[in-house]
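Presented below is the structure to which this report refers.
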Amino acid sequence: RLLPSGGCPTCYCNSRGVNTSLRRKLAKQILIGDGAAGHMTGIFSTNATAIDATTDISLSSIDEKTLDEIVYSYGGDEDVEDGAVLILNRKDLKAFAQVKGADKRSAYNIVLNGNKGTINSIPFIISSVCGAVSDSATTAGTYCMAYGSLSNYLLTIFSDIEIQRSTDYKFKQGMICHKGSVFAGGNVIAKNGFLRVKKPTA
C-alpha cells in the first residue's frame with residue numbers, strides 16, 4: 001500500500017511520520033509565517049513588530065568578516081548578547097566553509113552535527129526555509145539568515161496533537177491517508193530579539 005505520510009502500515013510509524021511533518025511545518029512557520037489567520041508570525045515577517053526593520057543588515061557575499069559583522073551587529077549599544085544562534089541555508093554554510101584567509105587556510109572552523117553545529121564556536125541551525133546570500137538566484141530583498149536567542153521567540157501550543165486515519169481516500173487504489181492537526185501560535189516577544197540578514201536590493 002502507498003502511504004502518503006510515509007513509513008510502515010503500523011499506527012506507531014505513521015503517527016511518528018505525521019509528528020515529523022508537523023514539526024517541519026512549525027519550524028517553517030517560525031521563520032516565514034505571515035501572521036494571517038491560520039499562520040504564526042515568523043521572524044522574517046513584517047508583522048513581527050518587535051523587530052525594527054532598520055536593524056536588518058544586507059550582505060551580498062560571505063567573506064572572512066561576515067560572521068563578525070553579524071555577531072557584533074546584534075544586541076544593545078553597550079553589550080553583546082550571548083546564547084545566540086545563527087539560522088541559515090545550507091548553501092551559505094558551504095560558502096562559509098569555502099572562505100579562505102590571507103594565509104590560504106579556512107577562515108572558519110565549522111563543526112557539524114546533523115543539521116546543527118558551530119561556526120567558530122557560534123551555534124548554527126540549517127533551515128531550507130532561509131534564502132541563500134551565496135546563491136545568485138536568490139531574489140534581492142530576500143531574508144537569508146537570522147541571529148538571536150531562540151528564547152526570544154515564543155511558541156505556544158494550545159492543544160494536543162490530533163492524528164486521524166482514513167481509508168476512504170482513493171479507496172480503489174488502497175491508499176490510506178493520515179492527517180495531523182494542532183492549534184499553535186508564535187511570535188517574536190523581545191525587542192529586536194533577532195538580527196535579520198537579507199540579500200541587498202539593486
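The values are calculated or read from the model by the stated rules, or taken from the named source; none is laboratory data. Just so it is clear, the structure is predicted and the values come from calculations on it, not from any experiment. Ideal geometry is used to build each Cβ from the backbone, glycine not excepted, and the neighbour counts take in all protein chains shown. Surface accessibility is based on the protein's heavy atoms, side chains included, excluding ligands, DNA and RNA. Shrake-Rupley method; radii C 1.70, N 1.55, O 1.52, S 1.80 Å.
Things worth noting here:
- Pairs with Cβ under 6 Å, 6+ apart, first in the range 114-131 and free of Cβ contacts under 8 Å to residues at least 40 places away in the same chain, second open to solvent by 70 Å² or more (accessible area, probe 1.4 Å) and in a strand (DSSP E or B): G117/V111; T118/V111
- Filter result for A27 (part of a loop (DSSP other than H, G, I, E, B) and either touching a residue at least 40 places away in the same chain (Cβ under 8 Å) or over 18 Å from the mean Cα position of the chain (by Cα) (or both)): no
- Hey, K191 closer than 30 Å to T55 by Cα, open to solvent by 40 Å² or more (accessible area, probe 1.4 Å) and either modelled with pLDDT under 95 or out of contact with any strand residue (DSSP E or B) (no Cβ under 8 Å at 6 or more places or on another chain) (or both) or not: yes
- Residue pairs meeting the criteria (Cβ under 8 Å; at least 6 apart or on separate chains; first without any contact (Cβ under 8 Å) to a residue 40 or more places away in the chain, in the range 59-72; second part of a helix (DSSP H, G or I) and surrounded by 15 or more Cβ atoms within 10 Å (Cβ to Cβ)): T66/F96
- Which numbered condition S106 fails, given (1) crowded, with 18+ Cβ neighbours inside 10 Å; (2) in contact with a helix residue (DSSP H, G or I) (Cβ under 8 Å, 6 or more places away or on another chain): (1)
- Taking the range 79-119 as the range and being aliphatic (A, V, I, L, M), farther than 17 Å from K199 by Cβ and assigned to a strand (DSSP E or B) as the test, the residues that pass are V85, I110, V111, L112, I119.
- Yes/no for V129 being under 29 Å from T201 (Cβ atoms) and more than 19 Å from the chain's Cα centre (by Cα): no
- Filtered by the rule that a residue be assigned to a loop (DSSP other than H, G, I, E, B), open to solvent by 40 Å² or more (accessible area, probe 1.4 Å) and among the hydroxyl-bearing types (S, T, Y), the range 120-150 gives S121, S128, S134, S136, T139, T142.
- Test: K170 is touching a Ser or Thr at 6+ places or on another chain (Cβ under 6 Å) and either at pLDDT below 75 or charged (D, E, K, R) (or both): no
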